[in-house]
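Q: Would you mind keeping the following structure in view while I ask a few things?
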Amino acid sequence: MYCSHVPGKLSSEQVIAEVQKYWNVATRRITSQAWANFFSMGSVVFSTTSTRPEPGRLVAVRRSREYLGKDTKTRIELGPAEVLLVGESAAVACYTMQFHASEVKAGLPGAGKEEHLANCRVTQVFTQDSAGKILLIHEHISVPSPD
């Protein structure tokens, strides 16, 4: 049976579900292509270590190499998300996150090390395309400076 999705007004619930699916890629070690598919072609990302904006799909490939290895263990705890709907097909999600990774894939700088990022602040901007697919167009992750 063929069933087509007719895009409608984007909801907060859809955005929160998309955020959870996005981070599940890291914890369940799903394919790198699955992570890249969350990003629109022109998306821009500021990660915790970036000094300039980078293309979202490039960041997804790099994260895949670092965190989707068979020995890598990743734990992510998401805080409650605030969602601001912008028109009918765009939204901004803001939330905090705890990120923990061990045994980062060998062969990369810092391989085998552990990463613990407490109280990450995440802002993601989503849009819904004409086919109803929800895509990331911007992501910014930062960590408060220790004072």
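Q: Between Glu77 and Glu54, how high is the FRET efficiency from 1/(1 + (r/R0)^6) when r is the Cβ-Cβ distance and R₀ = 22 Å? Nearest 0.05. Mind dumping the intermediate values first?
A: Working: r = 25 Å, r/R0 = 1.13.
After rounding, the FRET efficiency stands at 0.30.
Q: Give me the distance in nm between label points sitting 7 Å out from Cα along the Cα-to-Cβ direction at Val143 and Thr123, one decimal.
A: For Val143 paired with Thr123, the spin-label model returns 2.0 nm.
Q: Also, quick follow-up: Share of the chain's accessible area from carbon and sulfur, percent, 1.4 Å?
A: Working: 4740 of 8520 Å².
Answer for the chain is 56 percent, counting heavy atoms of protein chains only.
Q: For Ser11 and Ser130, calculate 0.36 nm times their separation in residues minus their Cα-Cα distance, and state this gained length in nm to one decimal.
A: Details: separation 119, 0.36 × 119 = 42.84 nm, distance 1.54 nm.
So the extension gain works out to 41.3 nm.
Q: Right, here's the next one. Output the pairs from Lys9/Lys133; Lys21/Lys113; Lys21/Lys133 with a Cα-Cα distance over 18 Å in this structure; if there are none, say none.
A: Numbers: Lys9/Lys133 12 Å; Lys21/Lys113 26 Å; Lys21/Lys133 13 Å.
Pairs exceeding 18 Å: Lys21/Lys113.
Q: Ranked by accessible surface with a 1.4 Å probe, highest first, in what order do Lys113, Lys73 come? It would help to have the intermediate numbers written out before the result.
A: Numbers: Lys113 95, Lys73 125 Å².
Largest accessible area first, the list is Lys73, Lys113.
Q: So what does Cys94 come to for accessible area, using a 1.4 Å probe and Å² rounded to 10?
A: 60 Å²
Q: With a 1.4 Å probe and all protein chains left in place, how much accessible area per residue does the stretch 40-92 have, in Å²? Walk me through the numbers on the way to the answer.
A: Details: 3200 Å² over 53 residues.
Here the per-residue accessible area is 60 Å².
Q: Rank these residues by their accessible area, most exposed first, probe 1.4 Å: Phe126, Phe38.
A: Numbers: Phe126 0, Phe38 25 Å².
So the residues, ranked largest to smallest area, are Phe38, Phe126.
Q: Determine the order of Glu13, Glu115 by accessible area, beginning with the largest, at a probe radius of 1.4 Å.
A: On the way: Glu13 130, Glu115 35 Å².
The ranking, largest first, comes out as Glu13, Glu115.
The values are calculated or read from the model by the stated rules, or taken from the named source; none is laboratory data. Fair warning: this is a prediction, and the values are worked out from it, not measured in the lab. We place every Cβ from the backbone using ideal geometry, glycine too, and count neighbours over all the protein chains shown. To get the accessible areas, we keep the full protein, side chains included, count just its heavy atoms, and leave off ligands, DNA and RNA. Shrake-Rupley method; radii C 1.70, N 1.55, O 1.52, S 1.80 Å.
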